[in-house]
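Contents: one structure, followed by commentary.
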Amino acid sequence: MYLTGTMQFNEAGHLEIGGIDVVDLARDYGTPLWVIDELGFRQNCRAFRDAFARQGNSLVLYASKALTSLAIIRMVNEEGLGLDVVSGGELYTALEAGFPPQLIYFHGNNKSIDEITLAIDNSVGRIVVDNFYELSLLSDLCRAKNYTQDILLRITPGVEAHTHEFIQTGQIDSKFGFTLPDGQAMEGIKMALNSPNINLVGLHCHIGSQVFEMDSFRQATALMMDFVVEIHNKLGYQLDEIDMGGGFGIYYSAGDDPTYADDWADAVMSTVAEKARQANINIPRVIVEPGRAIVGPAGVTIYSIGSWKEVTNVRKYLAVDGGMADNIRTALYDAKYSAILGNKANLSPQEVVSIAGKCCESGDMLIWDIELPAAEAGDLLVVFATGAYNYSMSSNYNRLPRPAMVLVNDGRSDVIIKRETYADLISNDIIPQRLKAPR
Ligand code: LLP
């Protein structure tokens, strides 16, 4: 169901989040508006943290690519999670928010020298090394600084998770990691063990995103643990950590059937423990990196409805004041969303409409074929589960300023990301001298 965390309908027949009516939020901050339910976000952090902690030695990292900002990182830290970053920008955001560097895991298939240097100079906990080139680069950079870096090696186990092909990552034909079946992974391990100033702590993999089948995780964990055992038996080296990535699926629309954090924890941790017991090796610490499952359901977007168009016997388009610039997932992945009229939440659906954005592009659609009560200009469309991969993938396409983001909790609302202005849009533009028109 799309109502999660503190979302509920109030007596006025409006949607309320964090104890605040969405009509008030739209009036006070304008639309489009991203709203994050603080309690919902924190509850999701705790659900994963506690589910894994109950099963044994574990650390849950929040995958900040789903949504990052100084305030978001503060909450992640308060909830006792670690952090997954994938770029210098995400790392910088975390450091500026005061996140403990030792709890940061730095991923990426093509980290630059500057990015690696930023990570080393700030003593991040782990660098997740993706390929041979990075391994030698990192070793050289560390040696020059007389510093030793703890690393995980990213492995591509060859598990195809059932999800959109663009967000599958564990299959063999992937740009990420050392491939397991062809022996590249073992080569990487040997090279890491022989690299000066590198301390190999464990393995990482990520099979894909928006995954519902716990069997995919079980299968990948088993393959990774078989490799941990092989490394132990062939090289006499015990790895202390196994990081199974993120990917836990959430509810967007009918047909999505997410399970519980405990099921994921069980699928991963019981497989790790069982394999370790069979091989008589130490049970490595388990790391996971959910992003979407923590922040996705905790976010909604409020839009104002404007124009509409009826194509006779085909469909009715309702246009909102945002679109692919603030949510590109429908256009890019054919993603499905649920939505309601936030100011008419008590009315029954009356017609099937399609929600269009305001960009100059036919593909700029947010939702195809959704049942809504009769809508008119000025009504508020609330799209659910937009917390993940909306702001973080947003753009200024058509020079639309990015919406504001507001954090709500217990009747209180605070802007955590300011709405962009037209002036912001040109703030990095430069007119070269030679283009300055002579008068
Ligand atoms: N760890 C690694 C190494 C990853 O590559 C990802 C996501 C995660 C963790 C977090 O996955 P999550 O728990 O959020 O599924 N833009 C796409 C999603 C791309 C995910 C990429 N990697 C979307 O909008 O669906």
Taking first residues from region 321-345 that are on the phi > 0 side of the Ramachandran plot and second residues anywhere that are open to solvent by 20 Å² or more (accessible area, probe 1.4 Å), the pairs with Cβ under 7 Å that are 6 or more apart or on different chains are Gly323/Lys358
So, of the residues in region 258-314 that are of a type in the set (Val, Ile, Thr), under 22 Å from Leu203 (Cα atoms) and out of contact with any Phe, Trp or Tyr (no Cβ under 9 Å at 6 or more places or on another chain), which turns out to be most open to solvent (accessible area, probe 1.4 Å)?
-> Ile283
Checking Ser304, Ser216 in turn, the sole residue that is more than 14 Å from the ligand (Cβ to nearest atom) and not charged (D, E, K, R) turns out to be Ser304
How do the strands (runs of 3 or more DSSP E) wholly within region 1-90 filter down when requiring 3 or more residues that are modelled with pLDDT of 95 or more and among the aliphatic types (A, V, I, L, M): which remain?
-> 33-37, 58-63
Scan region 265-299 for residues that are assigned to a strand (DSSP E or B) and either away from the ligand (no atom under 16 Å from the Cβ) or in contact with a Pro (Cβ under 6 Å, 6 or more places away or on another chain) (or both) and report the count.
-> 1
For region 380-398, does any single residue satisfy the condition of being under 30 Å from Ser427 (Cβ atoms), free of Cβ contacts under 8 Å to residues at least 40 places away in the same chain and assigned to a loop (DSSP other than H, G, I, E, B)?
-> no
Tabulated pairs, region 128-147, first in the same structural domain as Asn194 (by TED's automatic domain parsing), second open to solvent by 70 Å² or more (accessible area, probe 1.4 Å) and not in a helix (DSSP H, G or I), C-beta under 9 angstrom, 6+ apart or interchain = Asp130/Asn110; Asp130/Lys175; Asn131/Asn110; Tyr133/Asn110; Glu134/Asn110; Cys142/Thr148
Only residues that are closer than 22 Å to Met7 by Cα and either within 12 Å of the ligand (Cβ to nearest atom) or open to solvent by 40 Å² or more (accessible area, probe 1.4 Å) (or both): list them for region 344-360, please.
-> Asn346, Leu347, Ser348, Pro349
With respect to the numbered conditions (1) over 30 Å from Arg42 (Cα atoms); (2) away from the ligand (no atom under 16 Å from the Cβ), which one is the sole condition not fulfilled by Met365?
-> (2)
Yes or no: Val406 more than 16 Å from the ligand (Cβ to nearest atom) and outside any loop (DSSP other than H, G, I, E, B)?
-> yes
Quick one: is Gly125 modelled with pLDDT of 95 or more, closer than 30 Å to Phe217 by Cα and small (Gly, Ala, Ser)?
-> yes
Checking Ile73 against (1) within 20 Å of the chain's Cα centre (by Cα); (2) closer than 26 Å to Ala144 by Cβ; (3) crowded, with 17+ Cβ neighbours inside 10 Å, which single condition isn't satisfied?
-> (2)
Of those in region 413-437 that are part of a helix (DSSP H, G or I) and of a type outside the set (Gly, Ala, Ser), the residue most open to solvent (accessible area, probe 1.4 Å) is Arg434
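The values are calculated or read from the model by the stated rules, or taken from the named source; none is laboratory data. Please read all numbers here as calculations on a predicted model, not as lab measurements. Heads up, the Cβs are rebuilt from the backbone with ideal geometry, glycines too, and the neighbour counts pull from every protein chain shown. All accessible areas refer to the heavy atoms of the entire protein, side chains included, with ligands and DNA or RNA removed. Shrake-Rupley method; radii C 1.70, N 1.55, O 1.52, S 1.80 Å.
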